[in-house]
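Enquirer: Got a structure here, written out as structure tokens. Questions coming.
The values are calculated or read from the model by the stated rules, or taken from the named source; none is laboratory data. This one's a predicted model, so the numbers in the text were calculated from it and none came from an experiment. Here the Cβ positions follow ideal geometry from the backbone for every residue, glycine too, while neighbour counts run over all protein chains shown.
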Amino acid sequence: MNKKNILAVPYVLWAILFTIVPLFIVLLYSFTKRDSFGGMIFSFTFDNYKMFFEPIYLNVLWRSLRLSLYSTIACFVIGYPMAYIISKSDIKKQSLMIMLFVLPLWTNFLLRTYAWMVVLREQGALNEILLFLGIIDEPLQMLYTNGAVIMGMVYNFLPFMVLPIYSVLSKIDKSLLEAAQDLGANSFSTFIKVIFPLSFPGVASGILMVFMPAISTFVISDLLGGGQTILLGNLIQNQFMMARNWQFGSAISMIMMVMIVISMGYLTKHSSKEGGTGLW
Amino acid sequence: MVKKYLSRFYAFLVYLFLYMPIFLLILFSFNDSRYGGRWQGFTFKWYTELFSDGSIMESLYTTIIVAVVASIVSTIIGTVSAIAINNMTPKKKAILTNLSYIPMVNPDIVIGISLLSFFSILNFKLGYVTLILAHITFNIPYVIFAVLPKLQQLNPNIEEAALDLGATPLQAFFKVILPEIMPGIVTGSLLAFTLSLDDFIVSFFTTGSGVSTLSIKVYSMTKRGISPKINALSSLMFIAVLALMLILQLRDTKNNSQNNNV
């Protein structure tokens, strides 16, 4: 018995008390009945899960999946070339370019999203510019649309895609690229056959780090979707804060967690098969 | 050559996308109009009025107090448990690292509602205490994963050498181990501090009436338009963070060039 093991006791107790036990309470809530005041009645039921399969809630699930998938794809399409460009710059510039990606994360997330409300609204900056340039004749409805929500997700989560891809790309052994070139590959086939497969662990981790906050967000959809775009996160927030149906809210949370665990398992399996290094 | 300019232009566009809203925020903090959007002339008044706005200042204090307390406690617990984890058998190590992954991979909203359910079952009054407990919970893993790599790089012989030379285990820790892993501890505590400072979702579910952090204050304002005073405050915070980052960066490059000279 190592004496130093004792040092882990405070943390283990903390994690059990404030992470494990609360999650079990959510699990418990999701399988119990609700009294008329929202309290818990200890009797086992599947009703909360059954309720989720009503068309109105399945629609929310479908919309959440769709919007977070779109924004993950957009982050990948925008972020991969960016990570590649950074990894190809001089070493001195690289740390500055990465710092510029981290810096926005240090300003308040709500304010950054709010700034987009100001940009996208009917009398907002973007409409004014487009009107001024004569591209449009009357203001476009941009705020409170699905597009605005997707854009807000891309804006907020893009760094989470760029950083892991960059960190994998910058560690690729240069001699592999030289070998590919010596063996007659042009720069395009070097990229497709060598660089891209090697960067897969970074891509997998980027996808996860974008998809997860995207599927669970309620702030972005609340501000930029304006109540029209209800996502899983909004539904959960609603059940806990307004409808006070914690049982149903807990069931939705459990379903969301299961989806995340499944996609995590899938991506981890694939990234380690291709690249070797773990996801995190 | 064309390729180089193309990639520069692309990088420029992406950075423009990232920074445009932030520049707008800063711009609006100087705009002489109550409801942003249109430019009405330059003013400093939001900056002067900011410091006399009691409710904004109070939420700023709450944010800072919560972030300071949560990052100190989580740095201590996180560092101590990183030391323990580093000395464990692989099996126990795996259990503890997986335990630490849970808050990191769990969506914030689930952390928030699970703690809310927990506190309410215990009839805990929501407020300062629950806020700080929640922040410590999501901070500890980040500290552990910042400190752990430094411990793994550590030469195990130096602790033994210190002990052989007559240091007590405590002395060996404070005089030998601690200075070596300090960079990891600093990184971890800064990370914890900024995570706390920026958190909205977990705070939203774990705070009670009357106690609001800046993020919660901002959220409550979004529907009817945010006061330019908030823009002024966030511009100041952005400048402060920028300055801090530049100082850290400069210190880094200085250290590197010194190391290269040796």
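Enquirer: When segment B:47-90 is examined, which residues are found to be more than 30 Å from B:Phe30 (Cα to Cα), free of Cβ contacts under 8 Å to residues at least 12 places away in the same chain and of a type in the set (S, T, N, Q)?
Expert: B:Asn87, B:Thr89
Enquirer: Looking only at helices (runs of 4 or more DSSP H) that lie completely in segment B:7-122, which have at least 2 residues being under 22 Å from B:Val202 (Cβ atoms)?
Expert: Those helices (runs of 4 or more DSSP H) span B:54-86, B:90-105, B:108-121.
Enquirer: Here's something else I'd like to know. Just to be sure, is A:Asn245 in contact (Cβ under 8 Å) with a residue 60 or more places away in the chain, of a type outside the set (A, V, I, L, M, F, W, C) and farther than 18 Å from A:Trp62 by Cα?
Expert: yes
Enquirer: Restricting to segment B:109-140, count the residues that are under 24 Å from A:Met264 (Cβ atoms) and more than 7 Å from chain A (Cβ to nearest Cβ).
Expert: Going through segment B:109-140 one residue at a time, the tally reaches 5.
Enquirer: Right, here's the next one. I'd like the residue in segment B:121-141 that is of a type in the set (A, V, I, L, M), crowded, with 16+ Cβ neighbours inside 10 Å and more than 13 Å from the chain's Cα centre (by Cα) and, out of all such residues, is farthest from B:Ile76 (Cα to Cα).
Expert: Taking the candidates together, the pick is B:Leu126.
Enquirer: Please work out which one of (1) among the hydrophobic types (A, V, I, L, M, F, W, C); (2) out of contact with any His (no Cβ under 7 Å at 6 or more places or on another chain); (3) buried (at least 20 other Cβ atoms within 10 Å of the Cβ); (4) more than 11 Å from chain A (Cβ to nearest Cβ) is the condition B:Ile77 fails and give its number.
Expert: With (1) among the hydrophobic types (A, V, I, L, M, F, W, C); (2) out of contact with any His (no Cβ under 7 Å at 6 or more places or on another chain); (3) buried (at least 20 other Cβ atoms within 10 Å of the Cβ); (4) more than 11 Å from chain A (Cβ to nearest Cβ) applied to B:Ile77, the lone miss is (4).
Enquirer: Using the structure shown, decide if B:Lys93 is exposed (fewer than 15 other Cβ atoms within 10 Å of the Cβ) and of a type in the set (D, E, K, R).
Expert: No; evaluated as a whole, the condition is false for this residue.
Enquirer: Please give the helices (runs of 4 or more DSSP H) falling wholly within segment A:1-80 in which 2 or more residues are facing chain B (nearest Cβ under 8 Å), buried (at least 16 other Cβ atoms within 10 Å of the Cβ) and not small (Gly, Ala, Ser).
Expert: By residue number, A:9-15, A:21-30.
Enquirer: Follow-up. Could you please find all residues in segment A:115-138 being small (Gly, Ala, Ser) and more than 8 Å from every other protein chain (Cβ to nearest Cβ)?
Expert: Scanning segment A:115-138 gives a single hit, A:Gly134.
Enquirer: Then there is this: Do we have any residue at all in segment B:39-49 that's within 12 Å of chain A (Cβ to nearest Cβ), more than 17 Å from A:Ile78 (Cα to Cα) and small (Gly, Ala, Ser)?
Expert: Looking through segment B:39-49, none of the residues is within 12 Å of chain A (Cβ to nearest Cβ), more than 17 Å from A:Ile78 (Cα to Cα) and small (Gly, Ala, Ser).
Enquirer: Suppose we keep only residues that are hydroxyl-bearing (Ser, Thr, Tyr) and loosely packed, with under 15 Cβ neighbours inside 10 Å within segment A:162-212. Which one would you say is modelled with the lowest pLDDT?
Expert: So, considering only residues that are hydroxyl-bearing (Ser, Thr, Tyr) and loosely packed, with under 15 Cβ neighbours inside 10 Å, the one modelled with the lowest pLDDT is A:Ser187.
Enquirer: Would you mind telling me which numbered condition in (1) within 24 Å of A:Met99 (Cβ to Cβ); (2) touching a Pro at 6+ places or on another chain (Cβ under 9 Å); (3) acidic (Asp, Glu) B:Asp199 fails?
Expert: (2)
Enquirer: I'd like the residue in segment A:81-114 that is modelled with pLDDT of 85 or more and not in a helix (DSSP H, G or I) and, out of all such residues, is nearest to the other protein chains (Cβ to nearest Cβ).
Expert: Result: A:Ser89.
Enquirer: Name the residue, out of B:Thr48, B:Thr97, that is of a type in the set (S, T, N, Q) and either touching a helix residue (DSSP H, G or I) at 6+ places or on another chain (Cβ under 8 Å) or closer than 24 Å to B:Pro149 by Cα (or both).
Expert: Checking each option against the conditions leaves just B:Thr97.
Enquirer: Name the single residue that is surrounded by the fewest Cβ atoms within 10 Å (Cβ to Cβ) among those in segment B:20-38 being within 7 Å of chain A (Cβ to nearest Cβ) and free of Cβ contacts under 8 Å to residues at least 24 places away in the same chain.
Expert: B:Gly37
This table checks each residue for (1) within 17 Å of the chain's Cα centre (by Cα); (2) surrounded by fewer than 13 Cβ atoms within 10 Å (Cβ to Cβ); (3) over 30 Å from A:Ala8 (Cβ atoms).
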{"position": "B:Pro156", "(1), (2), (3)": "no, yes, no"}
{"position": "B:Ala172", "(1), (2), (3)": "no, no, no"}
{"position": "B:Ile201", "(1), (2), (3)": "yes, no, no"}
{"position": "B:Thr207", "(1), (2), (3)": "no, no, no"}
{"position": "B:Lys223", "(1), (2), (3)": "no, yes, yes"}
{"position": "B:Ile239", "(1), (2), (3)": "yes, yes, yes"}
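Enquirer: If you don't mind, another one. Scanning segment B:184-199 for residues that are within 11 Å of chain A (Cβ to nearest Cβ) and crowded, with 22+ Cβ neighbours inside 10 Å, which turns out farthest from B:Ser59 (Cα to Cα)?
Expert: B:Asp199
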